[in-house]
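Quick note: the coordinates plus some simple rules give every number you see, no bench work behind them. None of these values were measured; they are calculated from a predicted model. Cβ atoms come from the backbone with ideal geometry, glycine included; neighbour counts cover every protein chain shown.
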């Protein structure tokens, strides 16, 4: 466990090339890296919620939370956040870096006044942070995906109370 040796901080513009390479390596392709670049230039981007984990002067992890809407059947819209993507360099995985990125990001999102986060992720990983299947609130993905991997978390009590509908991701998600 190297949790005392790495630092979580807000991403800076000079980090962008290294974050691109990190996402490319972690996912074995550049779709997620391109997505991060597109989201940075969108209305959905929140600079304070693009975080990096550094070890020495090297970036070993990155997480991004962006604005999304949950649209109900009766056309009401609710604000939320998407956690996507999160990446840790393969040689640094399983050392607590991803966990610390998620915990720090959720705390920062709450501090900024956000009420909830939605994630499409591993069914056994995200629940340890409090994520539960979004079907609990009758929140659906905009595409076909197993219910147990599409999850949400309330950052404040009743943060998703009376929120139902389909998640609307920023258009940048469709471009990669």
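On C-alpha positions alone, give me the angle between the axis of helix 31-40 and the longest principal axis of the chain, in degrees, nearest 10. Between helix and principal axis, roughly 80 degrees.
DSSP beta bridges fully contained in the range 6-175 are about 85 percent antiparallel.
Counting pairs of Cα atoms in the chain, how many percent are more than 31 Å apart?
11
Seen against the Cα atoms of the chain and their longest principal axis, helix 16-27 is set at about 70 degrees. With the simple spin-label model, which puts each label point 7 Å out from Cα in the Cβ direction, the residue 107 to residue 9 separation comes to 1.7 nm.
For the pair the range 20-43 / the range 100-176, the C-alpha centres are spaced 20 Å from each other. Measuring nothing but how far apart in sequence close Cα pairs (under 8 Å, 6+ apart) lie, relative to its length, the chain scores a relative contact order of 23 percent.
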